[in-house]
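Chemist: Starting off with a structure, shown below.
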Amino acid sequence: MMSVRCLLTAVGLLLIPPVWSTVHARDSVIPDIGTRRELFVDRYLIDTLSHARLQLSQPRQEEIVLRFDRPWEGPFSGYTTVIRDGNRYRLYYRGIAQSGNDGNENERTCLAESEDGIHWTKPSLGLFEYDGSRSNNIVLANAAPVTHNFCPMLDTRPGVPSAERYKAIGGTGEHLFAWISADGIRWKRLQDAPVLTKDHIPFPHRFRFDSQNLAFWSQSEQCYVCYFRVGDRFRRIARSTSPDFRSWTPAVLMRQIHDDGIHGPQPVPDEHLYTNQTSPYFRAPHLYIATPARFFPGRQVVSDEQARALNVDPKYYRDTSDSVFLTSRGGDVYDRTFLEGFLKPGIGLSNWVSRANYPALNMVQTGPTELSFYVNHDYAQPTAHLKRYTLRLDGFASVHAGAVPGELITRPFVFSGSALHLNFATSAGGGIRVEIQDQGGNPLPGFALDDCQEIIGNEIDRVVMWKTGSDLSSVAGQPIRLRFVLSDADLYALQFADPRHEPTTP
């Protein structure tokens, strides 16, 4: 039977009022953030900013981690998913030796593995034959149309059967099928019938399922969530939920809202979002991070002559694409705090062809202070490959102030825990101070701005100290506001926890 929470989510999305009314209504509710980590990627905790702004971070380009150079892979390889399972990293991706219609028998799912997320190998699995040999890294073949966009997940639902520890969805056209695996290598169908069909889409649509569709277990919503391609004039994203991965609710269209802090939340005009790449952030799973590929059909950058020099397939250079950054806290709303591009095409014309710069699904930790994500480059070219990009942990965006001191005042909220931890960076001359206020904005005794020890440095986890120390037990559980004064500094995230709390790792 469908869980009550999941059912209410499904029904509520059909009845929900316009998003700007919903967002304003939440302002009257004092959130309890408990001990969860909150990132400054939206205005969820922000009441006012003065001489400070929300700033999107710039990913750092690293090395090529995988070249699609095997005979069973090729220039149209893509729709990549990265999964960290304990100390093992895995990359799943479509291999296709020659182009053809979506969902054809030439498409197969391949696997690469790594111990650090940086150095990758293609294991010889011996599962499927290609050109008379089983010495390859193919994990699924002869399973069209699911191998067009086969997208695995590691099921984190408590009590999931060991035989279903890995799940995946794949398919195109009118059907989306579910698969399961105990080890992520040997796969079988969950059931013969598709789990999602065109009948789950109760609104006009032309595009459906012909992209990288995905699913995951939502800890915060207590159900499985599937995000998939739909659209009519524009490629758009829809979602459905399920208590058991077998029965799914009617789809709802995802909406985007933008709040500049002045005019209130406003709807964002439609764009072509080719993929959706939505997943719970591993250090704050109540917050979904999305890095969809944004597609610009007919926006040609590369000339015919340049395309011939690149040896790009003639059908794949008359458009261009990049990636944008969205967040969601569940339901049918994406927060589009940042309207600009997140991953901009790099130097070189090979980055400006159709379907270039498509991020892989999921982000993983690859160092004590670093997270990595992966991006397809040189699509439809002989040089097709996957490249790694990095950010600091929690470092998607920040509250930024320059040399002129700025202020952030939060909305009232309630917390648990006994110390305030910050992820931050300052210049040598910059700093951050924090004041704890009551709900009305009055400083609490002992926690005024002048009582705070200035925070200077660049750390993923620093406990805030006042003259009386760091213990906040006396104010835990009651509504408070935080006032930050920043100078030449970035504030990425905060969390209330024990003073001995260590930065969370996967």
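Chemist: For the stretch 75-121, please list each of the strands (runs of 3 or more DSSP E) lying entirely inside it that holds at least 3 residues being out of contact with any Lys or Arg (no Cβ under 7 Å at 6 or more places or on another chain) and under 19 Å from Lys167 (Cα atoms).
Modeler: 78-85, 88-96
Chemist: Quick test of your reading of the structure: Gly159 fulfils all but one of (1) in contact with a strand residue (DSSP E or B) (Cβ under 9 Å, 6 or more places away or on another chain); (2) over 16 Å from Glu105 (Cα atoms); (3) outside any helix (DSSP H, G or I). Name the failing condition by number.
Modeler: Every condition holds for Gly159 apart from (1).
Chemist: For residues that are over 26 Å from Trp217 (Cα atoms), buried (at least 23 other Cβ atoms within 10 Å of the Cβ) and not polar (S, T, N, Q), scanning just the stretch 351-376, find the one that is nearest to the chain's Cα centre (by Cα).
Modeler: Selected residue: Ala356.
Chemist: Within the set of pairs 6+ apart or on separate chains, which have a first residue in the stretch 399-418 that is at positive phi, a second that is assigned to a strand (DSSP E or B) and not charged (D, E, K, R), and C-beta atoms under 6 Å apart?
Modeler: Short answer, once both residue conditions are applied: Gly417/Phe496; Gly417/Ala497.
Chemist: Do we have any residue at all in the stretch 187-196 that's surrounded by 22 or more Cβ atoms within 10 Å (Cβ to Cβ) and within 19 Å of the chain's Cα centre (by Cα)?
Modeler: No - not one qualifying residue is present in the stretch 187-196.
Chemist: Return yes when Arg336 is in contact with a strand residue (DSSP E or B) (Cβ under 9 Å, 6 or more places away or on another chain), surrounded by 22 or more Cβ atoms within 10 Å (Cβ to Cβ) and charged (D, E, K, R) and no when it is not.
Modeler: Considered against the rule, which asks whether it is in contact with a strand residue (DSSP E or B) (Cβ under 9 Å, 6 or more places away or on another chain), surrounded by 22 or more Cβ atoms within 10 Å (Cβ to Cβ) and charged (D, E, K, R), Arg336 comes out as yes.
Chemist: Report every pair of residues separated by at least 6 positions or lying on different chains whose Cβ atoms are under 6 Å apart, first residue within the stretch 132-156 and in contact (Cβ under 8 Å) with a residue 24 or more places away in the chain, second among the small types (Gly, Ala, Ser) and part of a loop (DSSP other than H, G, I, E, B).
Modeler: Note: pairs meeting the criteria are Ala144/Gly103; Pro145/Gly103; Pro145/Gly171; Val146/Gly171; His148/Gly103.
Chemist: Return a yes/no flag: does the stretch 112-120 have any residue that is within 28 Å of Asp210 (Cβ to Cβ), in the same structural domain as Ile347 (by TED's automatic domain parsing), in contact (Cβ under 8 Å) with a residue 24 or more places away in the chain and aliphatic (A, V, I, L, M).
Modeler: Yes, some residue in the stretch 112-120 is within 28 Å of Asp210 (Cβ to Cβ), in the same structural domain as Ile347 (by TED's automatic domain parsing), in contact (Cβ under 8 Å) with a residue 24 or more places away in the chain and aliphatic (A, V, I, L, M).
Chemist: For the stretch 339-350, name all the residues that are touching a residue at least 60 places away in the same chain (Cβ under 8 Å) and surrounded by fewer than 20 Cβ atoms within 10 Å (Cβ to Cβ).
Modeler: Leu339, Glu340, Gly346
Chemist: Is it true that Gln381 is assigned to a loop (DSSP other than H, G, I, E, B) and either of a type outside the set (Gly, Ala, Ser) or without any contact (Cβ under 8 Å) to a residue 12 or more places away in the chain (or both)?
Modeler: Yes: the conditions hold for Gln381.
Chemist: Restricting to the stretch 267-294, name every residue that is outside any loop (DSSP other than H, G, I, E, B) and either of a type in the set (Gly, Ala, Ser) or within 16 Å of Cys151 (Cα to Cα) (or both).
Modeler: Selection gives Thr278, Ser279, Pro280, Ala284, Ala290, Ala293.
Chemist: Kindly list the number of the only condition in (1) of a type in the set (D, E, K, R); (2) in contact (Cβ under 8 Å) with a residue 24 or more places away in the chain; (3) out of contact with any helix residue (DSSP H, G or I) (no Cβ under 9 Å at 6 or more places or on another chain) that fails for Arg318.
Modeler: The single condition Arg318 does not satisfy is (3).
Chemist: Could you check the stretch 438-477 and list, in sequence order, the residues that are of a type in the set (D, E, K, R) and touching a helix residue (DSSP H, G or I) at 6+ places or on another chain (Cβ under 6 Å)?
Modeler: Lys467
Chemist: Of Gln300, Gln219, Gln306, which residue is touching a residue at least 40 places away in the same chain (Cβ under 8 Å), assigned by TED's automatic domain parsing to the domain that holds Ala356, over 29 Å from Arg84 (Cβ atoms) and surrounded by fewer than 20 Cβ atoms within 10 Å (Cβ to Cβ)?
Modeler: Going through Gln300, Gln219, Gln306 in turn, the sole match is Gln306.
Chemist: Could you please give the count of residues in the stretch 400-458 that are touching a Gly at 6+ places or on another chain (Cβ under 7 Å) and under 13 Å from Leu486 (Cβ atoms)?
Modeler: Of the residues in the stretch 400-458, 4 are touching a Gly at 6+ places or on another chain (Cβ under 7 Å) and under 13 Å from Leu486 (Cβ atoms).
Chemist: Can you list residue pairs whose Cβ atoms sit under 6 Å apart, with the first residue in the stretch 436-452 being within 15 Å of Val414 (Cα to Cα) and the second being at pLDDT below 95? Count only pairs 6 or more apart in sequence or on different chains.
Modeler: Nothing qualifies.
Chemist: Only residues that are surrounded by 14 or more Cβ atoms within 10 Å (Cβ to Cβ) and small (Gly, Ala, Ser): list them for the stretch 120-165, please.
Modeler: Residues satisfying the conditions are Ala141, Ala143, Ala144.
Chemist: Let me ask something additional. Tell me the residue from Gly417, Gly402 that is touching a strand residue (DSSP E or B) at 6+ places or on another chain (Cβ under 8 Å), more than 23 Å from Thr35 (Cβ to Cβ) and not basic (Lys, Arg), please.
Modeler: Gly402
The values are calculated or read from the model by the stated rules, or taken from the named source; none is laboratory data. All values reported here derive from a predicted model rather than from experimental measurement. Counting neighbours? That spans all protein chains shown, and the Cβs are built from the backbone with ideal geometry, glycine included.
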